[in-house]
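Structure first, commentary second.
The values are calculated or read from the model by the stated rules, or taken from the named source; none is laboratory data. Computed from a predicted model, the values in this text were never measured in an experiment. Heads up, the Cβs are rebuilt from the backbone with ideal geometry, glycines too, and the neighbour counts pull from every protein chain shown. Heads up: the accessible areas ignore ligands, DNA and RNA and are worked out on the full protein's heavy atoms, side chains in. Shrake-Rupley method; radii C 1.70, N 1.55, O 1.52, S 1.80 Å.
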Amino acid sequence: MDENETLINRILKRELDMFLTVPTLQKASCQEDPEMFRIVRSSQFVSWSMETLESYLQDLKSAEKNKINLMTKKYARMDNLINKIKENPAMDEIVDIEIEWQKEMFEKFPCLMSSARALRSSEDTPSATSFETYLRGELETYSDTTLTFLLKDVKNYFEKNENMMMKNYLDMVKQLGYTSIEDAEETKRKEMSAAVS
């Protein structure tokens with residue numbers, strides 16, 4: 001296991017502990033499936049640099065020490081139950097770039113992305129939160145140091161004309177047993193065709 005994997009595992013342990021104790025009126029389906037939580041979250045972190053991972057792990061440790069549940073804060077922000085946690089121009093830059101990457105995923109893999117969150121906050125509904133609103137809610141729980149490092153990671157991908165989201169989805173579908181994103185797209189396409197025939 002390399003150092004990045006070790007850091008990701010340490011992050012996941014803390015995140016899962018927080019996630020499972022987020023107060024809800026009714027347990028969310030993802031709270032009943034910790035393994036899927038690990039797959040989705042670890043896929044997000046594979047594209048982060050070691051300095052970003054280390055900084056975010058420190059955020060989690062500090063929150064634990066201060067008895068703050070970052071997951072509760074994230075979901076409260078997503079549902080607009082609490083005021084904005086922070087302002088940082090890095091957040092807007094990250095959101096703008098990641099929305100374009102997510103848009104590319106929708107264009108290239110429409111079947112695979114058919115059950116993904118809608119793209120923009122303008123598409124939020126009482127029962128469904130968009131990618132943009134989710135991302136902003138999460139970014140607001142990061143320290144300024146983590147946001148600085150993450151923006152650097154995002155810009156590195158952007159300048160190389162690489163889609164960071166693509167790397168994340170590739171990791172996720174491989175953990176789910178597919179050989180590639182194309183393989184997952186084709187499987188989903190066949191399932192959707194069979195469902196309507």
Enumerate the pairs (first residue in segment 44-63 and among the charged types (D, E, K, R); second residue anywhere and part of a helix (DSSP H, G or I) and surrounded by fewer than 20 Cβ atoms within 10 Å (Cβ to Cβ)) with beta-carbon separation below 9 Å, excluding pairs fewer than 6 apart on the same chain, so at least 6 apart or on different chains. GLU51/LYS152; GLU51/ASP153; GLU54/LEU7; ASP59/THR145; LYS61/ARG14
Top-ranked residue of segment 132-174 - restricted to ones that are aromatic (Phe, Trp, Tyr) and modelled with pLDDT of 95 or more, ranked as nearest to GLU87 (Cα to Cα): TYR142
Which residue out of LYS84, LYS67, LYS73 is open to solvent by 60 Å² or more (accessible area, probe 1.4 Å), among the basic types (Lys, Arg) and in contact (Cβ under 8 Å) with a residue 60 or more places away in the chain? LYS73
Within segment 24-41, does at least one residue satisfy the condition of being farther than 24 Å from PHE149 by Cα, at pLDDT 90 or above and open to solvent by 60 Å² or more (accessible area, probe 1.4 Å)? yes
Which of the residues spanning segment 121-143 are in contact (Cβ under 8 Å) with a residue 12 or more places away in the chain and either closer than 16 Å to GLN44 by Cα or loosely packed, with under 14 Cβ neighbours inside 10 Å (or both)? PHE131, GLU132, TYR134, LEU135, ARG136, GLY137, GLU138, LEU139, THR141, TYR142
